[in-house]
Amino acid sequence: MATPAKKFINNPNDVVTEFIEGLVETYPGLQYLDGLPEVKVVLRADVSAADYDKVAVISGGGSGHEPAQAGYVGEGMLTAAICGDVFASPPVDSILAGIRAVTGPMGCLLVVTNYTGDRLNFGLAAELAKTEGFKVETVIVGDDCALPPPRGIAGRRGLAGTILVHKVAGAAAAAGLSLEEVAAEAKHASEMVGTMGVALTVCSLPGQATSDRLGPEKMELGLGVHGEPGAAVVDIQPVDVVVSHVLQQILSPETNYVPITRGNSVVLMVNGLGGTPLMELMIAAGKAVPKLQLEFGLAVDRVYTGSFMSSLDMAGFSISIMKADQSILERLDAPTKAPSWPVGTDGNRPPSKIPVPLPPFQQNKNEESLGRPQELSQQGRILEAAIEAAATVVISLKDSLNEWDGKVGDGDCGSTMCRGATAILEDMRNYYPLNDAAETVNEIGSSIRRVMGGTSGIIYSLLCKAAYAELKANVQSEVTSKNWSDALKSSISAVSKYGGARAGYRTMLDALIPASRVLEEKLSIGEDLVSAFVLSGEAATAGAESTIQMQAQAGRSSYVSAEILASIPDPGAMAAAAWYSAAARAVKEQSQGLGIVIR
């Protein structure tokens, strides 16, 4: 005996009632009729038949297609939704109760999907309501384009295109149109839309076993939203091929399902059937739009992507295409409070692609105020020398760093650092505002972020950004020794905060933390910046070399055995010590050459 599909439910017989209870708790603008268990009607909380002065728009059908139809109840869309049991048409008494609850003197429009049960039950309810004095009109929606033109009376099935008809009818009713006018607009919309569905799996009903009619390598074309067999079972195809087939089927002039020809404007709806990730739906939408534009010569004015009419947990999607004149577009764009309508979609469609923004110094290369100064100040000359020395030594260490990293990591530390250092040298000669230390540090971070990948790139970007923030906030005119010390401490703090490393974790911080401590200590006892900087550079080198004795607790090295780690120092720490020490020596040489003492 087959095992029922796994579901988060209680009694399978109660799923519709419990769904409605959850729905109205989630959306306070909705209510449901209570008192008879067979009556499952969701309605607008702000509408009462006694004083409602607009046309009521009512739809419904079997449950299991959520958010259809109850999710579209709200001002500007449906006035009430009648919920049948799963995949079963709602009973006549339930439909009649919904009509009585929301229909005022203007009457009501029933929007019915083209299934025999729905047509019969809604039809009888409409006739009974008329005998009670209600004005009722009915529009049948059959937008299925998967099956050949009907030979009998069944006709085309009602699919996700029905939701677009709901929106048009609801907006027309909200605008105060008469029943005859609302019905005419809904009927026109229903004749302008075509839909076709595809699926990788069938759905599983609550309390029942799932059908296995589709094998693992098969997909179904043109199946219905109740899991009924479709037009064909074929091998799984790439989504490009599937989308092309569906569009061709809907728009084929031979079948003439919809009156859409080249040059028309259309609306596209990509609808998930319940078990399809949004990622896959968006991929389908992204492929459908250019195909409609380039292959079929259509203007795509609106795109709606998501689950609008599902089939429980079916892995599949449908595509609906509606011919859109200005009147239809206005109805689709009209405001609504229906919770499941995609309110973020409207006619404001800026270009879908724009260039990647460049860092400020690249955007403004020709603006002298933001580029390299024509004449460097003393601070600018010292900063230039320090940056050049630091970058040059990193480039020279490329092979050694790669060799070390090949034993404890992925072998690219030297190459990654070299890319960053090379970009820094190139950008400094052209763009860095060297007379402004804070902005220069910021631009170093931009250079690094642009070319250095992986963990190293983001860590050095954090270093620079934190130092920049510290300098920008606290520098009054010239950068002081304390400013530089505080900037280094802020950088270390940022890397530790976001990366998680601490002293002794065998990372670059094991070079920078000792350097920061010595720099702060020497400055606190009156040492000038140059002397303190050189001594802190020596501390950085000692700290980096001590990592050979540490067990890694961060990065890829943490997966390497202690025996291997004990043979080499951490390459990241050695790189940091090298550029830091080189910068310190360059500052010393440059300041001596200029005959100045930096405090």
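Values quoted throughout were computed directly from the atomic coordinates according to the rules given, and no laboratory measurement underlies them. Note that this is a predicted model, so its numbers are computed, not measured. Neighbour counts are summed over all protein chains in view; Cβ atoms, including those assigned to glycine, are modelled from backbone coordinates with ideal geometry.
Packing around the peptides 332-341, 191-200, taken as the average count of other Cβ atoms within 10 Å per residue, puts them in this order, highest first: 191-200, 332-341.
Ordering of 242-251, 293-302, 415-424 by packing is 415-424, 242-251, 293-302, highest average first (other Cβ atoms within 10 Å, averaged per residue). The residues V233, V394, when put in order of fewest to most other Cβ atoms within 10 Å, stand as V233, V394. Is the C-alpha gyration tensor of segment 402-511 telling us rounded, prolate or oblate? Criteria: a/c under 1.5 is rounded; beyond that, a/b larger than b/c is prolate, otherwise oblate. Cα axes put segment 402-511 in the oblate bin. Please identify every one of the GluC sites (Glu not before Pro) in segment 74-149 that sits in a loop by DSSP and has no more than 13 other beta carbons within 10 Å of its own beta carbon. Of the GluC sites (Glu not before Pro), the ones in loops of segment 74-149 whose Cβ has at most 13 other Cβ atoms within 10 Å are E132. Mind checking which lysines have their C-alpha under 20 Å from K398, skipping anything on the same chain fewer than 8 residues away? Of all the lysines, those that pass the test against K398 - Cα under 20 Å, at least 8 places apart if same chain - are K407. FRET efficiency for the pair A542 and I395, taken as 1/(1 + (r/R0)^6) with r the Cβ-Cβ distance and R0 = 30 Å, rounds to 0.80. Taking every pair of alpha-carbon atoms in the chain, give the share separated by more than 33 Å as a whole percent. For the chain, the fraction of Cα-Cα distances above 33 Å is 59 percent.
Karplus-derived 3J(HN,Hα) values for segment 79-84, using 6.51 cos²θ - 1.76 cosθ + 1.60 with θ = phi - 60°, are 8, 7, 10, 9, 9, x Hz; glycine and proline are entered as x. Excluding residues on the same chain fewer than 8 positions from K40, give the aspartates and glutamates whose Cα lies under 18 Å from its Cα. By straight Cα distance, K40 reaches D14, E18, E21, E25, E66, D85, D93, D118. Ranking G224, M417, A160 by Cα position along the charge dipole of the chain, where only Lys, Arg, Asp and Glu carry charges on their C-beta atoms, puts M417 farthest toward the positive end. Note on segment 456-530: the C-alpha convex hull projects to 5.3 nm² when averaged across all orientations. In plain terms, the residue of D405, D427 with the fewest other Cβ atoms within 10 Å comes first and the most crowded comes last, giving D427, D405. Specify whether the C-alpha gyration tensor of segment 14-191 places it in the rounded, prolate or oblate class, a ≥ b ≥ c being the square roots of the eigenvalues: rounded for a/c under 1.5, otherwise prolate if a/b is larger than b/c and oblate if not. Rounded shape, in that the Cα axes give a/c under 1.5. Cβ-Cβ distance of E295 and A209, R₀ of 41 Å, FRET efficiency by 1/(1 + (r/R0)^6): the value works out to about 0.50.
Database remark: amide H of V300 closer than 5 angstrom to the amide H of V266 (H placed geometrically; neighbours at sequence offset of 5 or more, or on other chains; Pro and chain starts carry no H).
If the segment from L120 to D235 were pulled out straight at 0.36 nm per residue, it would be longer than the present Cα-Cα gap by 37.7 nm. In terms of other Cβ atoms within 10 Å, L96, L273 run from fewest to most in the order L96, L273. Specify whether the C-alpha gyration tensor of segment 372-594 places it in the rounded, prolate or oblate class, a ≥ b ≥ c being the square roots of the eigenvalues: rounded for a/c under 1.5, otherwise prolate if a/b is larger than b/c and oblate if not. Judged from the Cα gyration tensor, segment 372-594 comes out prolate (a/c at least 1.5, a/b above b/c).
Basic side chains Lys and Arg get +1 at the Cβ, acidic Asp and Glu get -1 at the Cβ, and with that the dipole of segment 14-191 about its Cα centre reaches some 580 debye. Annotation: extensible slack from T255 through K6 equals 85.6 nm (criterion: 0.36 nm per residue apart, minus Cα-Cα distance). The sum of -39500 (n - 2.57) across all DSSP H runs of n ≥ 4, divided by the residue count of the chain, sets its helix-only mean residue ellipticity at 222 nm to -14500 deg cm²/dmol.
Listed by chain and number, the lysines placed with their C-alpha closer than 17 angstrom to that of K522 are K482, K489, K588; residues fewer than eight positions away on the same chain are left out. Applying a threshold of 21 Å to the alpha-carbon distances of K7/K167; K54/K187; K6/K218 flags K7/K167; K6/K218 as lying beyond it. Between T422 and I458, the simple spin-label model (points 7 angstrom out along Cα→Cβ) gives 2.4 nm.
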